[in-house]
Amino acid sequence: MQIFDSFKSSLNQSLDLFLGHKIVIKREDLIHPRVSGNKFRKLKYIFQEIKKKEVSALLTFGGAFSNHLAASAYAGKNSGVHTIGIVRGDEWGRKIHESATLNYCVSQGMELHCISRDIYTQKEQAPIVTKLMKKIPRLRIIPEGGTEPLAVKGCLEILQSEDLNFDVICSSVGTGGTIAGLVNSSNDNQNLIGFNALNNTEIVHTIEELTNKKNWSIENDYTFGGYAKIKPTLISFMNDFYQQYRIPLDPIYTGKMVFGIFDLIKKDKWPWGKKILIIHTGGLQGVEGMNVQLQRKGHPTLLYGE
Ligand SMILES: *Cc1c(COP(=O)(O)O)cnc(C)c1O
């Protein structure tokens, strides 16, 4: 069975009332064990197109913890399409085995090319990409994070009719595709709050290109130093949350968002309404790799699954 042909809709799980706020988490992390959460939504229509157009290989981009690379590798193998990953940071070329995510990509048959951070800033024009485009006919390129109009279309399917009763819907933001899909499928009287996981304030312009609606805003105060940076206060918050609710969060996206939501409510800086839906966009495949880094640096590790 091909993964995108059928899937269960995610369940909504309530948390305890918090300072008068009713908080519910949409467990998109449970829709698939490997292509979890928003990466499943984002790849669904892209893979439908890949199948229809008889693409010979797909090429995409990401960092050494990238949920998108892992999801693309799995989906490619599942669909019988060769996958190529362009990895940010040439140092990873010498230590693929040190990244649980990259290791996994290789196990799914993904061909990896690690390029310098400098070249990665212009990754679509990287020499290796130009070379592969010449060599491989019908190569499908998916942008970093999978964000393109077909991905936004897939993210329209996250919200169900019962979700349109919430005052506020929160999601973590990386490349902006997920929040754009959520905004496009929301009611105009709902507030969509995107918690930026990266130090990229330009993201608002990307989102403006993907939606015409105005009922959204971006919080930039909970990036915790940017992509995949390690902050002990975040780790201990996530572990407390896990012990209370048995809901694992990921340290790159959802952990920062949930921290931010509680922090803003505590500081009385939450003007958007008291019925809150949090989208758990998944990303838990990154926990294992993060724990290796935490252990190496002598920090406490993240609890999950035990
Ligand atoms: C990729 C990812 C995001 C960010 O999604 P974008 O569409 O790139 O904004 C959020 N959460 C998780 C768990 C992700 O893997």
With a 10 Å Cβ neighbour count serving as the proxy for reagent exposure, in which order, fewest first, do CYS114, CYS155 appear? CYS114, CYS155
What number, rounded to the nearest 500 deg cm²/dmol, is the helix-based mean residue ellipticity at 222 nm of the chain, given -39500 (n - 2.57) per DSSP H run of at least four residues and division by all its residues? -11000 deg cm²/dmol
Sorted from largest down, give the three principal axis spans of the alpha carbons of the range 40-146, whole angstrom values. 37, 28, 20
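Mind giving me the FRET efficiency for LYS22 and SER107? R0 is 41 Å, r the Cβ-Cβ distance, nearest 0.05 is fine.
0.45
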I want the antiparallel fraction of DSSP beta bridges within the chain, as a percent rounded to 5. 10
Would you mind getting me the FRET efficiency between ASP240 and SER217? Use the beta-carbon distance for r and R0 = 25 Å, nearest 0.05. 0.35
Exceeding the 18 Å Cα-Cα cut-off - candidates LYS214/LYS269; LYS51/LYS134; LYS39/LYS77; LYS42/LYS213; LYS22/LYS231: LYS214/LYS269; LYS51/LYS134; LYS42/LYS213; LYS22/LYS231
Expected output is a single nm value to one decimal: the length gained when fully extending between GLU202 and SER56, i.e. 0.36 nm times separation in residues minus the C-alpha distance. What is it? 49.2 nm
Consider all pairwise Cα distances in the chain and report the whole-number % of them above 28 Å. 36
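Relative contact order (percent) for the chain, with alpha-carbon contacts under 8 angstrom and 6 or more residues of separation?
Contact order relative to length: 21 percent.
Since every read-out is calculated from the coordinates, none of them should be taken as a lab result. Since the model is a prediction, treat every value here as computed from it, not as a measurement. FYI the Cβ positions are ideal-geometry reconstructions off the backbone, even for glycines, and counts take in every protein chain you see.
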